[in-house]
Structures are given as C-alpha cells and as structure tokens.
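A.B. asks: One structure coming up, written as structure tokens, with questions to follow.
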Amino acid sequence: MTRVLILGANGQVARHATASFLETTDVDLTLYLRRASRLKNPAPKRAMIIEGDVLDHMVLTDAMRDQDVVFASLAGDMAGQARNIVKSMREVDLKRLIFISSMGIYGEVPGQKYRNVLDPYRDSAAVIEASNIDYTILRPGWFTQTPEVDYQITQKGEPFCGHDVSLNSLSDLIVKLALDPTLHVGCSIGVSQ
C-alpha cells in the first residue's frame, strides 16, 4: 500500500490531486495543512489530516515518517519550505518528492519575460535540484477547469509548449508519478495542453 503525504492539502491543485488519488487508486493519504479546520476529511478510512506548517521542522518530520511519497503544492517562503522538506526527508530516509513549481522559472516560455514574481519558484527548484532525493518538479501552465485529461510534457531546457493545463490533467500526472517511483525522477518537467 502506497502512502502519500500531501503538503498544502487545502490548495486548489492538492484538492484535485486528493480527489484523483481517492477515485483512481487505493493509496492512503496524509493531508498536511496549516489550519486543519479549513478541510473536511474526504475519506476518513483512507485519509488523515495533520495540522502543521511546512516550516515547522519537528511536525513536518513526524508527518513524513512511514510515508512513501511527498507531494508538495505550496506558496509563501518556497525556498525555506523546500529546504525544510529536503532536510526532513533525509532525516526519515524518504526518497520520493513531487513538487509543484511554475512555468517560466528557467525562461523557457517563448515570448514571455517573467521577472522576480517567479523568484520563489526558481529558488525552491534550485534547492530541490541540488538535493540527493528522487524529485520531480512540475512546472504547469495556467490551470483550467476543463474535464478532459490531455497534456504534454517538456523537459528542462526545452521551450514550453502551450500555456494552459487542466487540473484533471495535472492530477492524472501527479498520481502516475506517485505510483511509479522511477517516472521522471531527477527531472523538472513542463506540463501543458
């Protein structure tokens, strides 16, 4: 049985991924967020909610024990959170991380000049890429609510294709990454339709 820790569990991407895990897999989930009262447990037999801040090293490390995969969809002090995630994962010998970033962090979106607004995403990606964990960084396009699952992947160094991706598509990829510990390991991938 695979166990997935979802950091930032009340965010839009995390909620969609949670629903996808529950509908399409038998994975057990740990939903981690700063204010647990904001989230109703979607499946009490398969999901547990933990209140905590990713910057609280002790609480985060405890939440990582006995997990197989960490999926992080965060905002705020991204680099600080990435450093703490990597540190906690090393302490509990947890290897697999799926981390949501943003398109444009490497200047890979043709015709777009993203300035300091992407610095937190760029800085957190650099922390993760320098780690020795089995990471996959996802750089999605703008989110849509369209129901279809249809996406393409570009690797770091390749031009980003398109600008949009459905939340269903992104969730489909997150589930695949969590279930296959070798899929896109050590990669930073763009995701768009």
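What follows draws every value from the coordinates through simple rules; no lab data is involved. These numbers were taken from a predicted model, which means no experiment stands behind them. Methodologically, a virtual Cβ is constructed for each residue, glycine included, from the backbone with ideal geometry; neighbour enumeration extends over all protein chains shown.
A.B. asks: Could you tell me which residue out of GLY8, GLN155, VAL69 lies farthest along the dipole of the chain toward its positive end? Charges go on the beta carbon: Lys and Arg +1, Asp and Glu -1, centred on the Cα centre.
C.D. replies: GLY8
A.B. asks: Taking the Cα-to-Cβ direction at GLU148 and at MET58 and moving 7 Å from each Cα, how far apart do the two end points lie in nm?
C.D. replies: With each label point 7 Å from Cα toward Cβ, the separation is 5.2 nm.
A.B. asks: Just to be sure I understand: of the beta bridges DSSP finds with both ends in the chain, what percent are antiparallel, rounded to 5?
C.D. replies: 10 percent
A.B. asks: Can you give the translational diffusion coefficient of the chain in µm²/s, computed by Stokes-Einstein from the Kirkwood radius over Cα pairs at 20 °C and 1.002 mPa s?
C.D. replies: It diffuses with D of about 129 µm²/s by this estimate.
A.B. asks: Once a ≥ b ≥ c are taken as the square roots of the eigenvalues of the Cα gyration tensor of the range 114-193, is the result rounded (a/c under 1.5), prolate (a/b larger than b/c) or oblate (a/b not larger than b/c)?
C.D. replies: Oblate is the answer for the range 114-193, as a/c is 1.5 or above yet b/c matches or exceeds a/b.
A.B. asks: List the lysines whose alpha-carbon lies under 19 Å from that of LYS95, not counting same-chain residues fewer than 8 positions away?
C.D. replies: The qualifying lysines are LYS87, LYS176.
A.B. asks: Quick one: length gained pulling ASN116 to LYS176 fully straight, 0.36 nm per residue minus the C-alpha distance?
C.D. replies: Between ASN116 and LYS176, full extension yields an extra 18.4 nm.
A.B. asks: Could you order the peptides 181-193, 152-164, 59-71, 2-14 from most to least packed, using the average number of other C-beta atoms within 10 Å per residue?
C.D. replies: 2-14, 59-71, 181-193, 152-164
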